[in-house]
Amino acid sequence: MKKKIIAAISLLCIVETAFLSAASTVKAESVQQEQTTETNTSQDRIYNIASISKMYSTLAVMQLVDEGKVKLDAPVTEYLPEFEMDDERYKNLTVRMLMNHTNGLAMGNGINHYLYEDTDSFVHDSILGFTKEAHFKADPGEYPCYGNYGFLLLELITENVSGMSYTDYIRENIASKIGAEHTGTAWSLYNGDLGDLRAALYNSSMPVEYPYEMAAGPGGIYASASDVADFGAAFFTGNDTLLSDEAKSQMSSRQSDDPKAEGYGLGWDFVEQVKYEKENIKVCGKGGDMTYMHSFLLVAPDEQISCAVLTAGNDSSTIAGFMAEALMDVVLEEQGKTVSDIPPAEPTMTDTVPNSFKKYDGLYCVGGVYETGICRIYFDSGFMYKENAGTGNSSPDRFRYTDEGGFVKVGDSGKMTSDREIVYFEEKNGKVYLRTDKVILFPGLGSHEESMYSGEKIEENPVPDSVQQSWDEISQTMFVLYNEKWSSQSYDSPFSWLVTDKAFPGYVLSKNSLGMTKADKISDEHTARFFTTTPSSANRDLYDINITEHTYSDGVKSVSLDLSDGTHRRRVDTLPMFNSDIKEVKMNSDEAQWYRIGQDMAGKTITAERPKNSAVYVYNKFREPVYSTHIKGAANTIDLPADGYIVFLGETGGSVKVFG
């Protein structure tokens, strides 16, 4: 008989003043007597599983592949005839490329993705419209680079081919078949089917309303940990409940033949992991992150183990992944299979740098998944130096040359830093790329390893003095987001600015209050375009910058900072002052009503009487949110900080009455 072990773990603890809760489920099957333990009620608690949702949209289309209705290597246009771009390469885009992150599209996240206590079909309905304006950053199929856009298109393919809404398809063809009663999308959750089981959310120490992810294909599935573990069990060898073994084998096969490229499967983040492979155990994994929720799914298909860890708080999917691995290792040990981490080999450092590396002196565009900056690399006195450009950084990172041909980061003592970082230079396709191997330590938990192309040497971009001056004039000028919906979570951190510097003429950095940075190449007085070709996820979510002129609803004519991801921003120095004469603020669906708080209102208190679909935010002079009507139990009275900002959000036709 089969022995089924179902364990639920719930953790409540304080982490950096944020509330953290985790629900985890491990499922294992072996040939033993039937036994089931009692499940904890926390197993029914529902989380947004973020990018684990990509496994659901991939599986949905793979079911259609099993049915002979979709071919993996057929063009996307065969299933989405409306899909088109102003670039003939779009005709070469295949269904497989949507699943393995090789679609080459430079699409960012767009707007109105996360909405507080609200749902909206804007993201779904605008996908193909955005596509027509999108650009390729690489030929379709050229290299893997993590992104969301392919899974938005998988969502549409599922609907077009099946004739069902994506929500209904997930419910009828996935959730119901595995008995996942607590699985759905934002629409089923928002309509009350699952809402009373939602996990609590915390923003710092403040409980916030529930943000719904509108992009169901890449990140909008909601489920309990038990349901996600059951979903993972559908990938067990021999389990044909949802997919054929052939389809599962396709999904769990490494998609890139380049050993230096990221090792995605179809949907899976990884389908190979060294510590398990050395014991001949295949393990596939997928993580997910959104602002308040993080998740990880780990599956050993032959050993029939599925681990799901879902958390709510300010941690990350990396932390959830450590927990999933720990649970996986416990069950493997019960099966008589012991795995252990493999410590990375210690690099052998030398005191000299070969002269051949001098040719690599110069500026580089470098970064990780969310942040791209510009740095200068140079060599002197036996070290390689890597210095952020344009930040006034007087302490560049130092690296020593190794016998293996790379440069390892060292501290002031000259010894390797605890978080190991080794940088290699590689020349390919006429470009110079950086490849970085990192081992990041998490005390008490383990270490996280990653290896990827992390940047590229950039060429000089001489532009006319008048063009450079036009960008320099708005460098460091603060902008605020104004065109997202009243319920958008983006207003939690709506500030951004541009940076130019003599250290990198012809280029501009865009930064925001979340710490994200992107680099663009200046084309003319009004346009800067993405330009990088780094063949990895360091090249994800690129966008162009356009400086346009806009007449705002208050009659002010000024510039608008428009990004190709659809977001628009206004200069804060053009915002009107909020004063005691303002008794009513009329709403505009297309434009947030922003004000600066002057000294005459500093320290005063107002009351805002607002219509149903509206919100109010207040920020201090440091651009930190100090009040929001999206905070549960928000007071009716609003304190106004000196030199701060206040924004009124709502729908055209409505208005906010102000008293005080």
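The values are calculated or read from the model by the stated rules, or taken from the named source; none is laboratory data. As the structure is a computational prediction, the values presented were derived from the model and not from experiment. All Cβ positions, glycine included, derive from the backbone under ideal geometry; neighbour counts span all protein chains shown. When the accessible area is computed, the model is the full protein with side chains, heavy atoms only, and any ligands, DNA or RNA have been set aside. Shrake-Rupley method; radii C 1.70, N 1.55, O 1.52, S 1.80 Å.
How high is the relative contact order of region 314-400, in percent, with contacts defined as C-alpha pairs under 8 Å that are six or more residues apart? The partial results should precede the final answer.
Values: 87 pairs, mean separation 15.4, N = 87.
Relative contact order comes out at 18 percent.
Suppose R0 equals 25 Å; then what is the FRET efficiency for Asp73 and Asn388 from their Cβ-Cβ distance, rounded to the nearest 0.05?
Numbers: r = 43 Å, r/R0 = 1.71.
For R0 = 25 Å, the calculated efficiency reads 0.05.
At 1.4 Å probe radius, can you tell me the per residue accessible area of region 300-409 in Å²?
I get 45 Å² per residue for this part.
Roll a 1.4 angstrom probe over the protein heavy atoms and tell me the percent of accessible area of the chain that is carbon or sulfur.
47 percent
Which of the trypsin sites (Lys or Arg not before Pro) across region 497-596 are loop residues per DSSP, with 14 or fewer other Cβ within 10 Å?
Passing both the DSSP loop test and the Cβ count: Lys502, Lys583.
What does the accessible area per residue of region 466-508 come to in Å², with a 1.4 Å probe and no ligands, DNA or RNA counted?
31 Å²
Could you work out how far apart the two model spin labels at Met516 and Asp573 are, taking each label as a point 7 Å from the Cα in the direction of the beta carbon, and quote it in nm?
2.6 nm
How would region 487-568 be classified by its alpha-carbon gyration tensor: rounded, prolate or oblate, with rounded meaning a/c under 1.5 and the a/b versus b/c comparison settling the rest?
Taking the square roots of the gyration eigenvalues as a ≥ b ≥ c, region 487-568 is oblate.
Note down the nm distance, to one decimal, between modelled labels 7 Å out along Cα→Cβ at Leu445 and at Lys337.
The modelled label-to-label distance comes out at 2.5 nm.
For region 174-281, what relative contact order do you get, as a whole percent, if you take Cα pairs closer than 8 Å and at least 6 residues apart?
With pairs under 8 Å counted, the relative contact order is 21 percent.
Which FRET efficiency, nearest 0.05, do Lys557 and Asn92 yield, Cβ-Cβ r, R0 41 Å?
Taking R0 as 41 Å, the efficiency between Lys557 and Asn92 is 0.40.
For Kirkwood radius over Cα pairs in Å, which listed value, (i) 26.6; (ii) 28.2; (iii) 31.3, comes from the coordinates shown?
Computed from the coordinates, Kirkwood radius over Cα pairs in Å corresponds to (i).
Please work out the C-alpha center-to-center distance from region 397-462 to region 561-602 and express it in whole Å.
So the two Cα centres are separated by 43 Å.
With a ≥ b ≥ c taken as the square roots of the eigenvalues of the C-alpha gyration tensor of region 569-660, please select rounded if a/c is under 1.5 and otherwise prolate if a/b is larger than b/c or oblate if it is not?
rounded
If r is the Cβ-Cβ distance from Ala345 to Asp590 and R0 is 41 Å, what FRET efficiency results, to the nearest 0.05?
0.10
Between Asp361 and Asp643, how many nm apart are label points set 7 Å from Cα along the C-beta direction?
Reported label-point gap for Asp361 and Asp643 is 4.2 nm.
For Lys132, which lysines qualify as cross-link partners when the Cα separation must be under 17 Å and same-chain residues fewer than eight apart are set aside?
Here the lysines satisfying the reach criterion relative to Lys132 are Lys91.
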